[in-house]
Amino acid sequence: MSCIDPERTARVLVIGGGIAGQAVCEHLGGRARQITLVCGEPHLPYDRVNLGRLLSQPSPAVLGDLLLRPQTWYADRGIDVRLGTWIEQLDPDGGTATTHTGEQLGFDYAVLCTGSVPLVPPLGNVDAAGVHVFRDPADCEQILEDAARARHAAVIGGGLLGLEAAFALASMSVPTTVVHLMDRLMERQLDAAGAALLAPAMEELGVEVLLEHRTDGLIPGPDGRVRGLKFAGGTRLDCDLVVIAVGIRPNIELARRIGLSIKRGVVVDDRLVTSRENVLAVGECAEHRGVVHGIVAPIREQAAIAARTIAGDPACYEGSTPSAKLKVMGVELFAAGEPESEHAVAVRNAETGSYRKLIVRDGRAAGTILLGDTRGSDLLLDAIRRAAAVEDPLQLLAEASQSSAGDLPDAARVCNCNGVCKGAIVDAIRTGGLGSTQEVVAVTRAGAGCGSCKPLVAELLSIERAGASEEPAYLCPCRKLTREQLAGVVRAHDLDSVSAIGAECGAGRECGACKPGLAYLVSEIRGNRHREERHARFINDRVHANIQNDGTFSVVPRMRGGVTSADELRRIADVVDKYEIPMVKVTGGQRIDLLGVRKEQLPAIWEELGMSSGHAYAKAVRTVKTCVGTDFCRFGLGNSIQLGVELEAAMEGLYTPHKVKSAVTGCPRNCAEAYVKDIGLVAVEGGWEVYVGGAAGSTVRKGDLLTVVSSAKAAKRVALAFLQHYRENAEYLERTYGYLERVGIEAVREAVLGEGQAELLERYRIAKAAADPDPWRERHAPATPKQFEELDTEAMIIGPPVGAAR
C-alpha cells in the first residue's frame, strides 16, 4: 500500500456512532476540514459499557446521562451528525457513500466504525415473544417490558454481558437462571478459582447457574411466547423471558459489499488502513494481526492511531493489552492479559472473599485477576503492558496492594476508557493549575468514561497539591468558570437562558453536565423571570415527578405542614383505585406518596387529585414538617402547625441549589425533628429558636443555632431571609449543611440578621412572585409536545436491519 497523502485530508466520513466513531471524532480534532458522523441509532454516541443502567433506571434522562458528548459539542466543532442513518454503499474510488435514503455523501477518507452485532446461536424459535438480545436501548426497553410480568428469566451466556443482564433482572426480583456452555463463568477473564468466588454473590441475589449446558432450542407456548429452554440431553428449563448474551460478531456487511479484505473482521494494517487506502477501520469491526478487540481501551487507542494516519503523522498500532475493571454481580473485578498460565501465584482471603492472582510467562508479567480487592490494579496493568520482568510474583502482588498513585510510572495508563496516562494527568495539573478532581476530569477526560479511575485521579491531584484541600468546584469545569464568574456573565450581558450563557461564554457546550446548574443560576439571578429551557433540566424537573428504578414515577401532592383533609384523602383513594397504583406510602415528610405511576398517567392523576405539586422531585423547597403544637399537645409552647403551614406556603415553588427540608416543632421535645432540618424552628419559653444546616440522611448533623426571636412572625422572617441567602450564595448541589460548614455560622448570621436582611427579603419576594407554585398545571398546557408521552419504543429502534452499517 502507498502512504496516505496528508494533502488529501479534507473530508472524513465516520461510519458508526458508537464509542469508536466518537473516539475518532475526538482525535481528529483539527486534522480534518470536514467531519461527517453517521449514526444508525436515533441517538448521539453513548456509553454502551454502562448500558445496563437502562435496565435499572430506564428513562430518556438516563440515556442522556450516557451520552459521550452533548449535541453542542458536535455543533461547535462543525461535525455533521446524521442520526438514524446508515450507509448502504461505499465507493472508495469515487469518494462517495450512499445512505439508506439515497443521499450521496462525499469523502476523502472513510473510517468504518460499524462495531458489532449480537451473536445469536442457531436455535429454533428465537423469534418467539419474550426472547431478546442485549445490545442497545431498544433491547433494554423490551427486556424491561417483559420483565415486569416474567415469572422466570433465563440468560444464555455467562460472560460479562450475560452476568450484567442477570444482575439487572435479579435486582428487579425476577427469578433468574444463567445458562453457560463452558465449565466456568467469564472464562475469558477468570480462571476456575476466580469464577468460583462469584457463586456466593450470585446465590445471595437468587441467581441460579447452569454450567456446561448447551441450549439446543427454545420452547414456545401456544400464544407464541417462549415457555422454556431445551438442552442437549433432553432436559429443559421453564422460563418466560430469555436474554441471549453469548457474544458479539464484527459488523462487516458494508466492508464485504465493497470488497475489502475480511477474515473475522475487516483486516487492517498497523496504521488501521484496510485493503483500500482511503478506508480505515476502528473498533469491534476491525481485525489487527488476527485480533478483534471488543473493549473500550483498545478501541480508543486505535482511534488515536487512525486520526494520526489520516493527518499523515507517523502512526503504528502494535496491539493492546485486554483489561476490564468493573463490578460483576456486585463484586469488584479487575482482569488484564492472560487469565491462566503454568506459572502463576494466587492469594485468596477466605474471610473477605477476595482473590488476587498474577500470571507470569517466561519470567515476565502476563496477566492478573483481582476479584473483591482491586488495589494496585493500575500498577499491575502497567507491568503487564510492559511485559516487566518478575523475579518474585508474590512480592509484586504484595507491593501492588500497598501502592499509591505516586508509585505509577508516567507511562502508566490511568484511564482505560479515554487512554489517559499518569504523565498526561500530572502535566495537566501542573501546567494548567488545576485544583479539583472535577476540573482534572473535564480537562484530561480521565474519569469521564466509566468513572472507575476517579479515585486515582483524585489521589494524583492530592499528591501534586501536597495534600492541600481541593479548590472550590467550578460550575462549568470544562471552561473553568465558577458560579460567581458565570453569575457575572449573566448580569453583565443580561442573559436570560442556558443557551444564551453557552453562546456568550461556552459554558455547557462541552460535556453538558453543568446545564442543570446553569438553569438554576439564570433563574435565581433573574428572580424567576427567565426563559425556561426544559432540555437543560433533569428528567424529574421536566415532568414534575420523581423517576423510580423501573421507569415509573412517584406522585407526592402538597400537604402543607403535613395537614390534610378527608376530602383530599378520598380523592387520593379514588385515584389509587382507578389507576391501579401499586403502592401508597406515607413519607418521612408527612405526605402521601403514590408510587408506580406511568409517565402518560401523570396529567390525568394530577387533574383528579386536584392538589398542587409537592416538589418532591426537585432541587427545591420540599416540605415543612410539623408537630401538633399548642393545638392539641399538652407540652406545646408554640403553634407549630400554623407557623409550619404559613412557612411552607411562603417557600413553596422556589428552586434552590439543593433540596431544602424544613420543620417547625412546638417545643424542645422536637417531635418534628427540627434540629436536623435545613431550616428548623423550635418553640421555647418566650419565643422561637431558628436552626439552619441540619441533616439526617447519609450525613447526620445538628443544625447551627442562627438566632432566637420573640415571635412566630420574626422566626418566619429570619427563615425566609436565610433561604434567600442560601439560594444566592451556595454552590449548585451544595446542601445547607455543606454551605454552613464551608462559610461558617458567623458569616451567615452577619448576612441574614444584619442590615442586609431587608434586601434579602425583597429579592425573595420578587422571586416568589414570579415562581410557579404548582407546575402540575402544565397538564393543561404541556411545555413540550411529548412532555407526558410514554417512552416510544418504536422511536428508539429506528435503524438498519441487523448487519447494516451504522
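The values are calculated or read from the model by the stated rules, or taken from the named source; none is laboratory data. Keep in mind it's a predicted model, so treat the numbers as computed, not measured. Using ideal geometry, Cβ is built from the backbone for each residue, glycine included, and neighbour counts are taken over all protein chains shown. The accessibility values were calculated without ligands, DNA or RNA, using every heavy atom of the protein model including side chains. Shrake-Rupley method; radii C 1.70, N 1.55, O 1.52, S 1.80 Å.
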Just report the Cα centroid separation between the range 130-188 and the range 480-511, whole Å. 44
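What is the packing order of peptides 17-26, 675-684, 480-489, taking the mean over residues of other C-beta atoms within 10 Å and listing the highest first? Mind dumping the intermediate values first?
Details: 17-26: 27.3, 675-684: 24.7, 480-489: 17.7.
Top of the packing list down: 17-26, 675-684, 480-489.
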Among DSSP beta bridges lying fully in the range 260-415, give the percent that are antiparallel, nearest 5. 90
Relative to the chain, whose Cα atoms define the longest principal axis, helix 296-311 and its Cα axis are tilted in degrees, nearest 10, by 70
Step through the residues of the range 376-383 one at a time and calculate ³J(HN,Hα) from phi using the Karplus curve (6.51 cos²θ - 1.76 cosθ + 1.60, θ = phi - 60°), rounding each to whole Hz and writing x for Gly and Pro. x, 4, 5, 5, 5, 4, 5, 5
List the aspartates and glutamates whose Cα sits under 16 Å from the Cα of Lys263, skipping any in the same chain fewer than 8 residues away. Glu253, Glu284, Glu287
Based on the mean of other Cβ atoms within 10 Å per residue, sort peptides 565-571, 114-120, 224-230 so the most packed one is first. 114-120, 224-230, 565-571
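Taking a temperature of 20 °C and a viscosity of 1.002 mPa s, what whole-number D in µm²/s does Stokes-Einstein yield for the range 538-587 with Rh from Kirkwood over alpha carbon pairs? Intermediate results must be reported in sequence, preceding the final value.
Numbers: Rh = 12.5 Å.
For these conditions, the coefficient is 172 µm²/s.
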Phi-based couplings in Hz for the range 715-728 (Karplus 6.51, -1.76, 1.60; Gly and Pro marked x): 5, 5, 4, 5, 4, 5, 5, 5, 4, 5, 4, 5, 4, 8
Accessible area of Glu728 in the full protein assembly, 1.4 Å probe (Å², nearest 10): 30
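Count charges around Glu103 for me, please; just the other residues with Cβ under 13 Å from its Cβ, Lys/Arg as +1, Asp/Glu as -1. Present the calculation step by step, with values, prior to reporting the outcome.
On the way: positive: Arg82; negative: Asp80, Glu88.
Charge balance in the 13 Å sphere: -1.
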Within 14 Å, Cβ to Cβ, of Glu187, how many net charges do the neighbouring residues add up to if Lys/Arg are +1 and Asp/Glu are -1? -3
Interchain or sequence-distant (5+) residues whose placed amide H lies within less than 5 Å of the amide H of Ile295 are none
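Order Val49, Val498 by their accessible area, 1.4 angstrom probe, all chains in place, largest first. All intermediate terms of the calculation are to be shown ahead of the outcome.
Numbers: Val49 70, Val498 10 Å².
Putting Val49, Val498 in descending order of accessible area: Val49, Val498.
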Between Asp593 and residues 5 or more places away or on another chain, the pairs with built amide H atoms under 5 Å apart involve Lys585, Val586, Thr587
Tell me the angle of helix 515-525 to the major Cα principal axis of the chain, expressed in degrees between 0 and 90 and rounded to the nearest ten. 30
In degrees, nearest 10, the alpha-carbon axis of helix 454-464 is tilted away from the dominant principal axis of the alpha carbons of the chain by 80
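Looking at this model, which pairs from Lys230/Lys325; Lys454/Lys625; Lys422/Lys659; Lys585/Lys786; Lys480/Lys585 are more than 32 angstrom apart at the alpha-carbon? Intermediate results must be reported in sequence, preceding the final value.
On the way: Lys230/Lys325 34 Å; Lys454/Lys625 38 Å; Lys422/Lys659 37 Å; Lys585/Lys786 29 Å; Lys480/Lys585 43 Å.
Pairs exceeding 32 Å: Lys230/Lys325; Lys454/Lys625; Lys422/Lys659; Lys480/Lys585.
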Could you state the accessible area per residue of the range 527-597 in Å², with a 1.4 Å probe and every protein chain left in place? 48
I want to check the label-to-label distance for Glu607 and Ala714. Put each point 7 Å from Cα in the C-beta direction and report it in nm to one decimal. 5.0
1/(1 + (r/R0)^6) with r = Cβ-Cβ of Lys585 and Glu277, R0 = 60 Å, i.e. FRET efficiency to nearest 0.05, evaluates to 0.40
How many percent of DSSP beta bridges within the range 523-682 run antiparallel, rounded to 5? 60
Simple label model, 7 Å out from Cα along Cβ direction - Gln104 to Asp392, nm: 7.1
For q = 0.21, 0.22 Å⁻¹, what log10 I(q)/I(0) does the range 572-711 give under the Debye formula with an equal point scatterer on each alpha carbon and no solvent? -1.22, -1.28
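Which value does Rg/Rh take for the range 477-561 over its C-alpha atoms, Rh per Kirkwood? Write down the numbers at each step before the final one.
On the way: Rg = 14.9 Å, Rh = 14.1 Å.
Answer for the range 477-561: 1.06.
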Could you work out how far the C-alpha centroid of the range 354-397 sits from that of the range 707-762, in angstrom? 55
Could you tell me the calculated FRET efficiency between Asp238 and Lys786, based on Cβ-Cβ distance and R0 = 41 angstrom, to the nearest 0.05? 0.55
With runs of 4+ DSSP H residues as the only contributors, calculate the mean residue ellipticity of the chain at 222 nm using -39,500 (n - 2.57) per run, divided by the residue total and rounded to the nearest 500. -9000 deg cm²/dmol
Given a Förster distance of 45 angstrom, what is the FRET efficiency for His152 paired with Arg749, based on the Cβ-Cβ distance and rounded to 0.05? 0.15
Distant-in-sequence amide H partners of Ser612 (H built 1.01 Å from N, under 5 Å): Arg558
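Provide the gained length on full extension for the span Leu119 to Ala696, in nm with one decimal, where the gain is 0.36 nm per separating residue minus the Cα-Cα distance.
Values: separation 577, 0.36 × 577 = 207.72 nm, distance 4.92 nm.
Stretched out fully, the Leu119 to Ala696 stretch lengthens by 202.8 nm.
What part of the accessible area of the chain, given as a whole %, is carbon or sulfur when the probe is 1.4 angstrom? Don't jump to the answer; show the numbers that get you there.
Working: 16550 of 33390 Å².
With neighbouring chains kept in place, the figure for the chain is 50 percent.
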Over the residues of the chain, compute the C-alpha Rg and express it relative to 2.2 N^0.38 Å. 1.04
What number do you get for the range 201-352 when its Cα radius of gyration is normalised by 2.2 N^0.38 Å, N = residues? 1.44
In whole Å, what is the distance between the alpha-carbon centres of the range 622-695 and the range 429-454? 42
Solvent-accessible heavy-atom area per residue, rounded to whole Å², over the range 436-520 at 1.4 Å: 40
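Using a probe radius of 1.4 Å on heavy atoms only, what accessible surface per residue do you get for the range 78-235? Whole Å² is fine. Mind dumping the intermediate values first?
Values: 6550 Å² over 158 residues.
Value for the range 78-235: 41 Å² per residue.
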Count the DSSP beta bridges whose two residues both fall in the chain, then state the antiparallel fraction as a percent rounded to the nearest 5. 65
SASA check, Ile745, accessible area w/ 1.4 Å probe, all protein chains in place, rounded to nearest 10 Å², comes out at 40
Residue separation times 0.36 nm, minus the C-alpha to C-alpha distance between Glu728 and Arg571: what's the value? 52.7 nm
Mind ranking 584-592, 368-376 by how tightly packed they are, going by the mean number of other C-beta atoms within 10 angstrom, highest first? 368-376, 584-592
